[in-house]
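Asks: After the structure tokens below, expect a handful of questions from me.
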Amino acid sequence: MFLGKKKAQQIENAIQNTPPRSDQSYWANVKRQFYKNRLAVWSLRIFYAILFIAVFADFLSNERPLVCKLDGKVMFPVLKQYSVSLGIGQWEQQFVTKRWNEHDYQFVIWPTIPYSSTSIDKLNRSFVGPFDEQRVKSLRWKHLLGTDELGRDVAAGMIHGTRIAISVGIIAMSISSLIGIFLGSIAGYFGDNRLQMSRIRLILNLIGIVLGVFYAFIARGYALGEGAAEGGGFMMQLLLSFGILFGMMILVNLLASGLKRLPGLGKRVNIAADLLVMRLIEVFNSIPGLLLILSIVALTKPSIVNVMIIIGFISWTSIARFIRAELLRIRNLEYIEAAQAMGFSEARIIFRHAIPNALTPVLITIAFGIASAILTEAFLSFLGIGVAAEEVTWGSLLNLARSNFPAWWLAIFPGTAIFITVTIFNLIGEGLTDALDPRLKQ
Amino acid sequence: MFKYIVQRLIIFLPTLLAVSLVAFSLSKLAPGDPVELLVKGQSGESGQKASVQAYEEVSRRLGLDLPVFYGALTTSAFPDTLHLVIKKSERESLSNLISQYGNWPQISDYYLSLKSLEREVAYFPVDTAISLMRNTISRHVKDLLINNKDSRIAFALSEIKTIVSDSSSLNTLQPLATQVADNYAKVKSEATVFKNYIPSLNWYGFKNQYHHWITNFFKGDFGFSYLDSRPVGGKMWDALRWTLIINFISIILAYLIAIPIGVSTAVKKDGLYDRVVTTVLFILYSLPSFWIGTLLIVFFTTSEYSPWLNWFPTGGVTDLPSSTPFFTRAIDIMHHLALPIFCVTYGSFAFISRQMRGGMLTVIRQDYIRTAKAKGLEEKSIVWKHAFRNSLFPIITLFAYIFPAAIAGAVTIEVIYSIPGMGKLAVDSIVARDWPVVFTILMFAAILTMIGNLVADLLYALADPRVSYGNKK
């Protein structure tokens, strides 16, 4: 969305046409160029701040005290929350029956925002604004950014939303980077006529995929369905299925290594890897992404994790294109030839020698991709599709403004957060693009 | 060039097939039974016999009694006739039973005896004295039909057994009830679980749901909406009108404003004007349109904040009936559409301006511009006659990218301003699981995107002969 097709084409061409570099300090060069761009550097600093908020969200906004002394015992409830949610620890009876702010602490330090995103303040229900009169004990308990209809603190929701937005960006992009780098490097390194395998390996691999899918997903369809219905076990069942598929592929390839010595079976066949991957990319680019994400997300059980995974699986294409372009250039460099001459395996050359030198352009796509993933997630939760109703995100907060016009704070704060986050990632992306190739600077 | 076009057209078909397969399999994975939805909408509460008939009729009309796809990779325990069980919930429970026990012949016996018990119970002469017990039995039978968990089945079977043996008037059901229980015991005792681990490939031929749908699609018959039984084509056409109006106006506006701004900033590069405008454009480009849309609708459509901020209507496309004179109605519609059009426009406007500025900058650096300057031509004529024309064409080709993107991008704005366009139709149908509509919109959006990409690439190649689309070696 943010990387117009033309711009992508330009970057791709620039990568391919960059002359072979002799100096080893390519990274240092890119870094130096990047740090010349003041706007990009400031965006990076803001990103660190946002990352800090996302990581320490529980310590910044929580209905539990950071440290408290109750009945002569010093406790760290925010830390303890982690052990409780992992199932190791357990809350004392007094905390289950009584709200956190109703205890008589001898000594207590509250987080900056003494509310969680889900804690409900019954006294300040139905949209109390930051400047409205709030029924709170003291200024310390004021809802700085107002409350929503249920009386949930908006500032707490914003902090929690930061964590969600950043994790959507990072997880979705990790998935798409994995897919994109894998497919793109295969296409770029092997091109159309360098990927060869023995005939038997090709045949066995095709059979292996069919059988693997059969044993992993079709024969286990019932177990998977049961897992999904019960909720908890689904991930385990799914992992087991992927394990079966993976094991099948390994088995088949071992078999092929043994069988290829037989006459006739070992004949090499050529696989047009580049062609296949490029066609796949074209198919993915023709599918209207937002509509597809909407329809998939509407099917799955509302959960933010599903949203992350789906966005990741759909947005790998530009990473694959950039990596491919970079590897088309790298594969002709002398050091790769040297590695081949030394008899290293293809996998080792690709993963140890080629890909590490091709990662810079991927950073550009990742920066733009995080922006677009965050925007997509915000949009989905704005529509209320795919995100559980009790989950508070920037998009869901913004959506509340639509149902209640007087609540201006719900329209302004979450939107600003989305805007700032998206903008800094775009600026970082632009900065990286300029740093990679100063000629692209307009 | 010709080769390139042919190449692109060849890709067209597999892509469309891939999109159609994705849409189709999504609809098959969707929980819920569309037939149930339609039947409920049609008949309301009528007799059991009528509802069973209605169910069969509707699923036949929708073609849901056919096998799903041309073929299937299943386990050898599955029969190739399972699609003949029309009711979706029963089919699912049967397939779960097969996965558990792997012996279709026994399961089929069990299912058939269960069905005849159901029929028997339904036609049992109604007598006020036993109607309560009859209803209990029928509830348990229904439970048996849709459950595959051993504990649930055992419970229902024992309940039926006690009721039947206790009541003398229901005694006639005794043999059937015992038969069901016996058949179920057989299913359990003669399980052949190993069959679930033998793959088998079934071939159903061309009479299947997917084939049916895709051939109809290419014939222009998009089926009927599950929600209101209207033809999908008609629904889409109504919606498309509004989306087209908004997008055409906004794209024209965007070009009209963006081109002069792009050119003027490029000419005055690095001046104060350029820097201010470029920054503003970047901010506009990064502003999420659903946020701006929400802000505008919150602040400018009601007198909530101040009576003189109530400039625009809150949503919809018009308040007037269709009988009002065309001109008044058109003005009212424009009044309604002003905010949405603004929201759709500013993003593409910023994008086009940035592209225009970039294009101009590359052209201005060229030698022939320096020659023109050296000749002593006027600044104005250099800019507009020599530079502008050469930088314009790539901008026009942008249109082909922007148009499909705009149609998908209008989703947000249409939802916020409740405009009955394609975007809103898509979201509403997705939420309501109205698959025929979702299919068609997905397919059309994909076709539009592909055509847009193709046209853009071709125009680009036409405009700039240096671009080659042959095989670069």
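The values are calculated or read from the model by the stated rules, or taken from the named source; none is laboratory data. Computed from a prediction, not measured in an experiment: that's the story for all the values here. Note that each Cβ is placed from the backbone with ideal geometry, even for glycine, and that neighbours are counted across all protein chains shown. The protein model used for the area step is the full one, side chains on, heavy atoms only, and it has no ligands, DNA or RNA in it. Shrake-Rupley method; radii C 1.70, N 1.55, O 1.52, S 1.80 Å.
Asks: Are any of the residues in region B:129-148 without any contact (Cβ under 8 Å) to a residue 12 or more places away in the chain, closer than 30 Å to B:D65 by Cα and not in a helix (DSSP H, G or I)?
Replies: No: zero hits.
Asks: Can you spot a residue in region B:187-198 that is open to solvent by 30 Å² or more (accessible area, probe 1.4 Å), among the hydroxyl-bearing types (S, T, Y) and in a helix (DSSP H, G or I)?
Replies: Scanning region B:187-198 turns up at least one residue that is open to solvent by 30 Å² or more (accessible area, probe 1.4 Å), among the hydroxyl-bearing types (S, T, Y) and in a helix (DSSP H, G or I).
Asks: Something else: Applying the selection to region B:265-285, what residues are among the hydroxyl-bearing types (S, T, Y) and open to solvent by 30 Å² or more (accessible area, probe 1.4 Å)?
Replies: Within region B:265-285, B:Y273, B:T278, B:T279, B:Y285 qualify.
Here's the yes/no breakdown for (1) part of a loop (DSSP other than H, G, I, E, B); (2) at pLDDT 85 or above; (3) within 20 Å of A:L410 (Cα to Cα):
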{"site": "A:G129", "(1), (2), (3)": "yes, no, yes"}
{"site": "A:E133", "(1), (2), (3)": "yes, no, yes"}
{"site": "A:G157", "(1), (2), (3)": "no, yes, yes"}
{"site": "A:T162", "(1), (2), (3)": "no, yes, yes"}
{"site": "A:I181", "(1), (2), (3)": "no, yes, no"}
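Asks: In region A:268-305, which residues are more than 30 Å from B:P14 (Cα to Cα) and either within 10 Å of chain B (Cβ to nearest Cβ) or open to solvent by 40 Å² or more (accessible area, probe 1.4 Å) (or both)?
Replies: Once the filter is applied, which keeps residues that are more than 30 Å from B:P14 (Cα to Cα) and either within 10 Å of chain B (Cβ to nearest Cβ) or open to solvent by 40 Å² or more (accessible area, probe 1.4 Å) (or both), region A:268-305 yields A:K301, A:P302, A:V305.
Asks: Here's a follow-up. Being in contact with a strand residue (DSSP E or B) (Cβ under 9 Å, 6 or more places away or on another chain), within 14 Å of chain B (Cβ to nearest Cβ) and of a type in the set (D, E, K, R): is that true of A:R220 here?
Replies: No: the conditions fail for A:R220.
Asks: Please go through region B:286-305 and give me each residue that is open to solvent by 40 Å² or more (accessible area, probe 1.4 Å) and either within 9 Å of chain A (Cβ to nearest Cβ) or part of a helix (DSSP H, G or I) (or both), ordered by number.
Replies: If the condition is that a residue be open to solvent by 40 Å² or more (accessible area, probe 1.4 Å) and either within 9 Å of chain A (Cβ to nearest Cβ) or part of a helix (DSSP H, G or I) (or both), then B:F299, B:F300, B:E304, B:Y305 are the ones that fit.
Asks: If you don't mind, another one. Any idea which of (1) among the hydroxyl-bearing types (S, T, Y); (2) open to solvent by 40 Å² or more (accessible area, probe 1.4 Å); (3) in contact with a Lys or Arg (Cβ under 8 Å, 6 or more places away or on another chain) is the one A:Y189 doesn't satisfy?
Replies: Status for A:Y189: all satisfied but (2).
Listed here are the residues, each with its yes/no results for (1) closer than 27 Å to B:E92 by Cβ; (2) not hydroxyl-bearing (S, T, Y).
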residue	(1), (2)
A:Y215	yes, no
A:A219	yes, yes
A:L238	yes, yes
A:G243	yes, yes
A:V252	no, yes
A:R261	no, yes
A:D274	no, yes
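Asks: If you go through region B:60-86 one residue at a time, how many are open to solvent by less than 40 Å² (accessible area, probe 1.4 Å), part of a loop (DSSP other than H, G, I, E, B) and within 27 Å of B:F224 (Cβ to Cβ)?
Replies: Selection size over region B:60-86: 7.
Asks: Within region A:168-184, identify whether any single residue is aliphatic (A, V, I, L, M) and surrounded by fewer than 15 Cβ atoms within 10 Å (Cβ to Cβ), and answer yes or no.
Replies: yes
Asks: Okay, moving on. Restricting the search to region A:322-341, which residues are over 16 Å from A:A187 (Cα atoms) and small (G, A, S)?
Replies: Of everything in region A:322-341, those that are over 16 Å from A:A187 (Cα atoms) and small (G, A, S) turn out to be A:A338, A:A339, A:A341.
Asks: Of B:L281, B:L201, which residue is within 14 Å of chain A (Cβ to nearest Cβ) and more than 30 Å from B:F439 (Cα to Cα)?
Replies: B:L281
Asks: Quick test of your reading of the structure: A:I244 fulfils all but one of (1) in contact with a helix residue (DSSP H, G or I) (Cβ under 8 Å, 6 or more places away or on another chain); (2) within 14 Å of chain B (Cβ to nearest Cβ); (3) touching a residue at least 40 places away in the same chain (Cβ under 8 Å). Name the failing condition by number.
Replies: Of the numbered conditions (1) in contact with a helix residue (DSSP H, G or I) (Cβ under 8 Å, 6 or more places away or on another chain); (2) within 14 Å of chain B (Cβ to nearest Cβ); (3) touching a residue at least 40 places away in the same chain (Cβ under 8 Å), the odd one out for A:I244 is (3).
Asks: Being part of a helix (DSSP H, G or I), among the small types (G, A, S) and within 26 Å of A:S185 (Cβ to Cβ) is the filter here; which residues of region A:270-299 pass it?
Replies: Answer for region A:270-299, where residues must be part of a helix (DSSP H, G or I), among the small types (G, A, S) and within 26 Å of A:S185 (Cβ to Cβ): A:A273, A:S286, A:G289.
Asks: Can I ask one more? List the residue pairs whose Cβ atoms are under 6 Å apart, where the first residue sits in region A:371-389 and is in a helix (DSSP H, G or I), the second is of a type in the set (S, T, N, Q), and the two are 6 or more positions apart or on different chains.
Replies: That search, which allows pairs on different chains as well, returns A:A371/A:N426; A:I374/A:T421; A:S381/A:T393; A:S381/A:S396; A:F382/A:N399.
Asks: In region A:126-154, which residues are within 30 Å of A:G312 (Cβ to Cβ) and open to solvent by 10 Å² or more (accessible area, probe 1.4 Å)?
Replies: A:R152
Asks: While we're looking at this one, here's another question. Tell me which residues, restricted to region A:47-90, are among the aliphatic types (A, V, I, L, M) and loosely packed, with under 13 Cβ neighbours inside 10 Å.
Replies: Selection gives A:A49, A:V74, A:L86, A:I88.
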